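The values are calculated or read from the model by the stated rules, or taken from the named source; none is laboratory data. This is a predicted model, so every value here is computed, not measured. Cβ coordinates were reconstructed from backbone atoms using ideal geometry, including for glycine residues, and neighbour counts include every protein chain displayed. Areas reflect the complete protein model, heavy atoms only, side chains present, ligands, DNA and RNA absent. Shrake-Rupley method; radii C 1.70, N 1.55, O 1.52, S 1.80 Å.
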Amino acid sequence: MSRIGVFVCHCGENISRTVDVEQVASAAGEIPGVAYACDYKYMCSDPGQNLLKKAVAEHKLDGVVVAACSPRMHEKTFRKAASAAGLNPYLCDMANIREHCSWVHEDKKLATAKASDIVKLMVERVKKGKSLAPITVPVTKRALVIGGGIAGIQAALDIADAGHQVVLVEREPSIGGHMAQLSETFPTLDCSQCIMTPKMVDVANHPNITLHTYSEIEKVEGYIGNFQVTLKHKARSVDESKCTGCGICMTKCPKKKIPNEFDQGHGLRTAIYVPFPQAVPNTPVIDRENCTMFQSGKCGVCAKVCGPGAVDYQQEDRFSVEAVGAVVVATGFKLYSIDRKPEGSPIQGYGEFGYGAIPDVIDGMTFERLASASGPTGGKILRPSDGKEPKQVVFIQCVGSRAREKGISYCSKVCCMYTAKHTMLYHHKVHDGQAYVFFMDARTPGKGYDEFWRRAVEEEEAVYIRGMVSRLYQKGEKIVVMGSDIQVGVQVEIEADLVVLATAVQAQDGADLLAQKLGISYDKYNFYSEAHAKLKPVECATAGIYLAGACQGPKDIPDTVSQASAAAAKVMTLFSKDQLERDPVVAKVNEKYCVGCLACKKVCPYGAVEEKEIRDRQGNLVKVVAYVNPGVCGGCGTCQATCPSKSVELDGYTDEQIMAMIESL
Amino acid sequence: MHAEAKQHDFEPKIVAFVCTWCTYAGADLAGTSRMQYPANVRVLKFPCTGRIDPVFILRAFQKGADGVLVSGCHPGDCHYMAGNFHARRRFAAFRALLDFVGVDLHRLQFSWVSAAEGGKWVEVVTELTERVRAMGPMLEFKSLEHEEQWSAFQAMADVPGVVNTPELKEAYDKI
Ligand SMILES: Cc1cc2nc3c(=O)[nH]c(=O)nc-3n(C[C@H](O)[C@H](O)[C@H](O)COP(=O)(O)OP(=O)(O)OC[C@H]3O[C@@H](n4cnc5c(N)ncnc54)[C@H](O)[C@@H]3O)c2cc1C
Ligand code: SF4
Ligand code: SF4
């Protein structure tokens, strides 16, 4: 007969308000095999844990169930306590009577009955549980950082400075991300390029960083401490090892009129190009779709002029496999597109805002490029249609954001601040111009942020109109903006020369596909999910994978950099050990019963099942059976549910345990 | 709906088999967000829906469950990469089998609830509970109490390769 101890937590009032904890404890005491049951105000507190330890010793308990919050919250805490009391930690389980019960039900009678049932289930599970020993695995002290925006750059530099090898992968031809495109940055108005470029150069020169640009993640295998990541190096058509970055190819390329992505399509580039002059690396790439050589086989000018002979039209995509112990995901965001209707997306466009039809309706990032000294207008604010200086500029905030009916209900967080910044930049450059801002709220929480916003309104003379724009249309050279001022209660109509939309920050294209390769979760907007909203904001639920920057949700630069350094610190903590303890939830094959059909091998998503030959003493082959490599097994249990002879079993989730739980219902 | 619920004024027993990574976490989120749903559901946690043997579902029905919910990660989002695809194939075959033995398939629900979908968990549980409440208690399986019959059934549930018939394909597509 087992001797299980049951500890029912009040969680202050969080559980006891809707669950009669005393009744749950006394009902638990009646379950056969339960030797001790009690309730306590805070089980996770020091006295609570001591209560558990003392009870284990006093009542000679051989298993423990703590009925409290979610195991995702405190399973580790209680397993540690149980272990300190001399119990195998895997014989300690939690009954989730908070998240799954007291917080979601109001009827005390029903909730109490449910809580008792949950306890019963877990008692049955522990009764049939086995002692397990944690598996130790080596840690590869080398990190992969995906995405070379400010988040990825910061994380890579921090990890590399700590003395570890870093592989940084960026899918574009250069690192830099969105920050490289910005003109000046709130809340201090320092020039983005000036603070960004040195960091980019540091990455390029760091002895511990291997940079792969124009590359993507193809496949991810393995687990914490031991990932094998296949990278796809897209054909650049320029041999990086030969190119000296002289740029002569770009001056000679006859295809000169291709809209430049970096300038949001408002500047021009050649077919062989670097995205911007400060690009890292400074190695050009051929845009094959626009290159005459690739399209018609005639040209080849760049190869002819290239001194070191770096241009290579035959280059193909290349693949490499990198062994790493940790991954930092820093893939950033994209902007809600105003010139294209998002294809196949539930999100509706803004037709009423001249969606793609009016050239002088631009987005915030385009304004950044216009205001930037390195931009297509050399830093002059000129409108795209006729190159004239706009005297009346209307900024519209929350385009796409906080509009549930349009498909996005979150706040993009940076638009209030960058719009204030834009009005200032505009005021500095066009002294006789007037900026108007349509806004819902001004959200300025952040150090120095409200002061910055006030400066825009009070000193830089931006006119803020609280209300939304209903419609805008072209009238001659002007754009008529119709909206409401809800503070004064009037309709307003402004004849603008330029309209700037603060469009929503969205997850990157393909963010979901990358998540699927990594096995991490994401929310309905495709932003990556952290393991805990408050206490684990940089970890993914998948061990060994960390998040940094706007890929997790809209973020400004200070928040992005903080999170990147935090992710780096997590990686360094992981790398501080040579060996790592892993959950021993792995499958084992019973070789006596295994008939060697290898159905398990076919279904195992990890490729953990191998064939093993059983031979007699004379060396004759008796049979072939399955063998599960415990280092590779992920512990999903698919093999067990598939095995026709029931000869593979997942530790911690045995048929016996599960059946016992079902029987108890 | 209300009248119907009154008519079958009983508290159905709903058993949910969920995976740790997505649905269990989604149910946690429903808790942290203090959403409300019927207290009829009892949750059994698995590492992955891939671990869920159809026999467990049969056993739950046999042990008095009036409705069973199986829920895991969205296709493509499996923490274990492909466990939920195997689960899906398996349950496609299994549904047809259940239908064959006369269990009303309305009592069995498969769904995908991610870690971020607390609201969806509430919806799924509420819907199934109310549907089963309206259907009344599950009596059909009482005839399966003889153990021999039971083990014969159990053996059938796991024949590999059965998923290739057109009927099963259709059932598979429905999930
Ligand atoms: C108009 C505008 C103005 C702004 N102004 C300011 C400001 O003044 N001050 C401020 O603090 N913040 C500002 N921000 C916010 C700022 O841009 C972000 O905080 C910052 O860029 C986030 O950095 P990140 O590295 O997370 O993402 P990103 O800058 O988006 O970088 C992500 C990188 O990852 C790469 N990548 C994406 N997917 C993959 C993949 N699958 N594989 C490999 N690589 C990939 C991308 O190519 C990119 O290089 C502004 C934002 C906007 C839109
Ligand atoms: S081959 Fe292509 S990239 Fe090179 S110069 Fe000609 S058009 Fe430009
Ligand atoms: S539990 Fe089985 S199927 Fe899953 S990873 Fe381990 S060996 Fe493979």
Exercise. For residues that are within 18 Å of A:Phe186 (Cβ to Cβ) and open to solvent by 10 Å² or more (accessible area, probe 1.4 Å), tally how many sit in segment A:352-365.
Key: 2
Quiz prompt | Hey, A:Gly510 without any contact (Cβ under 8 Å) to a residue 12 or more places away in the chain and open to solvent by less than 70 Å² (accessible area, probe 1.4 Å) or not | solution = yes
Quiz item: A:Val492 is checked against (1) open to solvent by 10 Å² or more (accessible area, probe 1.4 Å); (2) outside any loop (DSSP other than H, G, I, E, B); (3) among the β-branched types (Val, Ile, Thr); (4) not assigned by TED's automatic domain parsing to the domain that holds A:Ile362 and fails just one. What number does that condition carry?
Solution: (4)
Quiz item: Within segment A:495-506, can one find any residue that is β-branched (Val, Ile, Thr), under 30 Å from A:Ala420 (Cα atoms) and open to solvent by 10 Å² or more (accessible area, probe 1.4 Å)?
Solution: no
Quiz item: Out of all the residues in segment B:60-104, which are at pLDDT below 85 and within 13 Å of the chain's Cα centre (by Cα)?
Solution: B:Ala87, B:Arg88, B:Arg90, B:Phe91, B:Ala92, B:Phe94, B:Arg95, B:Leu98, B:Val103
Quiz prompt | Residue in segment A:167-211 that is farthest from the other protein chains (Cβ to nearest Cβ), counting only those that are away from ligand 1 (no atom under 12 Å from the Cβ) and among the hydroxyl-bearing types (Ser, Thr, Tyr) | solution = A:Thr197
Self-check item: 3 or more residues over 30 Å from A:Asp158 (Cβ atoms) and at pLDDT 90 or above: qualifying strands (runs of 3 or more DSSP E) within segment A:563-627
Solution: A:587-589, A:609-615
Quiz item: Which one of these is at pLDDT below 95 and within 30 Å of A:Ala57 (Cα to Cα): A:Thr136, A:Thr112?
Solution: A:Thr136
Quiz item: Any idea how many residues of segment A:251-294 are of a type in the set (Lys, Arg) and touching a residue at least 24 places away in the same chain (Cβ under 8 Å)?
Solution: 3
Quiz item: Of these, B:Ile57, B:Ile52, which one is under 14 Å from the mean Cα position of the chain (by Cα), more than 7 Å from chain A (Cβ to nearest Cβ), touching a residue at least 24 places away in the same chain (Cβ under 8 Å) and open to solvent by less than 10 Å² (accessible area, probe 1.4 Å)?
Solution: B:Ile57
Quiz item: In segment A:130-169, what residues are surrounded by 24 or more Cβ atoms within 10 Å (Cβ to Cβ) and assigned to a loop (DSSP other than H, G, I, E, B)?
Solution: A:Gly147, A:Gly148, A:Gly149
Quiz prompt | Hits in segment B:60-80 (condition: under 22 Å from B:Arg107 (Cα atoms), facing another protein chain (nearest Cβ under 7 Å) and surrounded by 24 or more Cβ atoms within 10 Å (Cβ to Cβ)) | solution = B:Ala60, B:Ala65
Practice problem: Might you let me know whether segment A:273-287 holds any residue that is charged (D, E, K, R), open to solvent by less than 60 Å² (accessible area, probe 1.4 Å) and either in a strand (DSSP E or B) or more than 9 Å from ligand 2 (Cβ to nearest atom) (or both)? | Solution: no
Quiz item: Just a yes or no: is a residue in segment B:106-113 more than 14 Å from chain A (Cβ to nearest Cβ) and under 26 Å from A:Ala533 (Cα atoms)?
Solution: yes
Quiz item: Only one of (1) crowded, with 16+ Cβ neighbours inside 10 Å; (2) in contact with an Asp or Glu (Cβ under 9 Å, 6 or more places away or on another chain) fails for A:Thr230. Which number is that?
Solution: (1)
Practice problem: Say whether the condition of being within 14 Å of chain B (Cβ to nearest Cβ), surrounded by fewer than 19 Cβ atoms within 10 Å (Cβ to Cβ) and under 32 Å from the mean Cα position of the chain (by Cα) is met by at least one residue in segment A:602-621. | Solution: yes
Practice problem: Determine the pairs where a residue that is within 11 Å of another protein chain (Cβ to nearest Cβ), located within segment A:70-81, has a partner that is of a type outside the set (A, V, I, L, M, F, W, C) with Cβ atoms under 7 Å apart, the partner being 6 or more residues away or on another chain. | Solution: A:Ser70/A:Asn96; A:Ser70/A:Arg98; A:Ser70/A:Glu99; A:Ser70/B:Asp28; A:Pro71/A:Asn96; A:Arg72/B:Asp28
Exercise. Return a yes/no flag: does segment A:125-146 have any residue that is in contact (Cβ under 8 Å) with a residue 24 or more places away in the chain and within 13 Å of chain B (Cβ to nearest Cβ).
Key: yes
Quiz item: What number of residues within segment B:127-157 satisfy the criterion of being modelled with pLDDT of 85 or more, out of contact with any Pro (no Cβ under 6 Å at 6 or more places or on another chain) and on the phi < 0 side of the Ramachandran plot?
Solution: 7
Quiz prompt | Qualifying residues in segment A:175-202 (those that are assigned to a loop (DSSP other than H, G, I, E, B), touching a Phe, Trp or Tyr at 6+ places or on another chain (Cβ under 9 Å) and hydrophobic (A, V, I, L, M, F, W, C)) - the one modelled with the lowest pLDDT | solution = A:Leu189
Quiz item: What residue, among those in segment A:418-451 that are surrounded by 20 or more Cβ atoms within 10 Å (Cβ to Cβ) and aromatic (Phe, Trp, Tyr), is farthest from A:Ala502 (Cα to Cα)?
Solution: A:Tyr426
Quiz prompt | Residue match in segment A:448-460 (condition: within 17 Å of A:Gln392 (Cβ to Cβ) and either in contact (Cβ under 8 Å) with a residue 12 or more places away in the chain or not assigned by TED's automatic domain parsing to the domain that holds A:Gly351 (or both)) | solution = yes
Quiz item: What residue, among those in segment A:563-591 that are surrounded by 17 or more Cβ atoms within 10 Å (Cβ to Cβ) and β-branched (Val, Ile, Thr), is farthest from A:Ala626 (Cα to Cα)?
Solution: A:Val571
Quiz prompt | Answer residue from segment A:94-129, given it is closer than 19 Å to B:Ala25 by Cβ and touching a Lys or Arg at 6+ places or on another chain (Cβ under 6 Å) and is surrounded by the most Cβ atoms within 10 Å (Cβ to Cβ) among those | solution = A:Cys101
Quiz prompt | In segment A:635-658, residue nearest to the other protein chains (Cβ to nearest Cβ) [restricted to those that are more than 12 Å from ligand 3 (Cβ to nearest atom) and open to solvent by 30 Å² or more (accessible area, probe 1.4 Å)] | solution = A:Pro644
